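Notes to accompany the following structure.
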Protein chains: 2
Amino acid sequence: MTYCVATMIDAGIVFASDSRTNAGVDNISTFRKMKTFERKGDRVLVVVNSGNLAITQATLNYLEQEIRHSTEANLMSVCSMYEVAELIGSALREVRHRDGPYLAENNVDCSANFIVGGQITGEPQRLFLIYAEGNFIEATPETPYFQIGEVKYGKPIIDRIIRADTSMNDAIKSVLVSFDSTMRSNLSVGLPIDMACYERDTLQLNHVHRFDDQNDYMQRLHKSWGDGVRQAFAQLPNFDY
Amino acid sequence: MTYCVATMIDAGIVFASDSRTNAGVDNISTFRKMKTFERKGDRVLVVVNSGNLAITQATLNYLEQEIRHSTEANLMSVCSMYEVAELIGSALREVRHRDGPYLAENNVDCSANFIVGGQITGEPQRLFLIYAEGNFIEATPETPYFQIGEVKYGKPIIDRIIRADTSMNDAIKSVLVSFDSTMRSNLSVGLPIDMACYERDTLQLNHVHRFDDQNDYMQRLHKSWGDGVRQAFAQLPNFDY
């Protein structure tokens, strides 16, 4: 499985992805599921993905080749995040159209999802979720985040914390707690976690981090959250049954 | 959807079920999903269920008719909880065998799950999960709880709290927090909640409660938990990004 989340706040966008892939529980590997595209002062794009790894890798390679071949419309040339989402959706459709029938012969699922966010000069920051069918939706102030993969365990803390005026530090913490809860309950989501924090209107990506199992901050966060939840539980009123 | 949970601790077993059923979001109803069977001093059985409502109701009616017709082996006559689980599994198979093909004609899912727990004189208290296929598993000290229906949102708090030596009051609170989290994230799980608390070796059911949207305790629990989680979040160490 996979877990990816991206939360958009006034201060910027926080992206995070796990790196565990599995073809059965006896075949577990580590693959980065985050890709960044940057031209300082012009655009920052961050893409995270879930689903069939061959399909997501093929889709991203297709998009990178378009950039290298300077195709008229590519991720580094288009003028809006809407077009970026269109390009990813089209590339995904192309790859699924090409590989899908071969996978279907062996009942292999070829679905994949992408979240893409960032900012292109002249536009505000924007965040999109691209479905397996290649169509997409954009985040709005009412629901300023997207999740893909194993979404349920980590959703409650995001729901509680993320608002437009949440600080960057609180957004980072809610995303990492969300991962902590998900990894605790689903073994197929695992460290290391890749995180990218884009600060609005900077048009450059200054904060990219990787949290592995030796990471001191992640260990302190895990312990502090566990202690805090136990304390919250201990303070609950008793039921007179 | 549905959410049911049963947790077995040294002190007894706590069962709880929501009561929302839906045939599409435009057809929501309230049905009790908990059934109790009791003969004081001899046995207490509590059954909660999820899945196709016609199938679960038919299964329970079949079992009740067996009791009324004094069939040799019925829920009130057998000598062990193992046989109780067998009877429920067999009844479920019977009903699915009878109704399943008609539902399949219209692509209606006829699956259903049951949790049954309690105690029969001469045996310790026991807890079983009955799968849609009619086979079943028993809870053990390592995993002394079962959930059916929408299980993910409410699992973390049960995992954190329930141990063999957890008190009855803490077990009740963890179950109700588990429902609170689930109802917050999944609209198809809803109040009222039915709860039954069986105290080990009493062979009678003294504590059956219903929590509706006017319930003062449930409102206090909801507020206290929300405040506690926010406090736990506020105490997390900052990340220096």
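Each reported figure results from applying straightforward, stated rules to the coordinates on display, with no laboratory input. Computed from a prediction, not measured in an experiment: that's the story for all the values here. Note that each Cβ is placed from the backbone with ideal geometry, even for glycine, and that neighbours are counted across all protein chains shown.
Tabulated values for the structure
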{"read-out": "Relative contact order %, region A:119-210, counting alpha carbon pairs below 8 Å whose residues are six or more apart", "value": "23"}
{"read-out": "Partner chain coverage, peptide A:39-45 - average Cβ within 10 angstrom", "value": "0"}
{"read-out": "Farthest positive-ward along region A:3-231 dipole, Cα basis, beta-carbon charges - from A:Ile88, A:Tyr131, A:Val208", "value": "A:Val208"}
{"read-out": "Anisotropy class of the protein assembly as shown from Cα gyration tensor, a/c 1.5 cut", "value": "prolate"}
{"read-out": "Positive-end residue, chain B charge dipole about Cα centroid, Cβ charges, pick of B:Ile157, B:Asn169, B:Asn238", "value": "B:Asn238"}
{"read-out": "Cross-link pairs beyond the 27 Å C-alpha cut-off, checked among A:Lys173/B:Lys33; A:Lys152/B:Lys223; A:Lys152/B:Lys35; A:Lys35/B:Lys155; A:Lys35/A:Lys223; A:Lys223/B:Lys223", "value": "A:Lys173/B:Lys33; A:Lys152/B:Lys35; A:Lys35/B:Lys155; A:Lys35/A:Lys223"}
{"read-out": "Prolate/oblate/rounded call for region B:92-184, Cα gyration tensor, a/c under 1.5 rounded", "value": "oblate"}
{"read-out": "Packing-based order for B:226-238, B:61-73, using average beta carbon neighbours within 10 Å, highest first", "value": "B:226-238, B:61-73"}
{"read-out": "Prolate/oblate/rounded label for chain B (Cα gyration tensor, a/c 1.5)", "value": "oblate"}
{"read-out": "Selected from B:Asn52, B:Asn27, B:Asn186 as most flexible by GNM, with chain B as the system and alpha-carbon contacts under 10 Å", "value": "B:Asn27"}
{"read-out": "Cβ-based net charge around A:Ala85, under 9 Å, with every Lys or Arg adding one and every Asp or Glu removing one", "value": "-2"}
{"read-out": "Shielding score for A:179-191, defined as the mean number of other chain Cβ atoms within 10 Å", "value": "1"}
{"read-out": "Helix-only CD estimate at 222 nm, as mean residue ellipticity for chain A, using -39500 (n - 2.57) per DSSP H run (n ≥ 4)", "value": "-12000 deg cm²/dmol"}
{"read-out": "Packing-based order for B:76-85, A:176-185, using average beta carbon neighbours within 10 Å, highest first", "value": "A:176-185, B:76-85"}
{"read-out": "Peptide B:220-232, shielding by other chains (average Cβ, 10 Å cutoff)", "value": "5"}
{"read-out": "Relative contact order (percent, whole number), chain A, Cα cutoff 8 Å, 6+ residue spacing", "value": "27"}
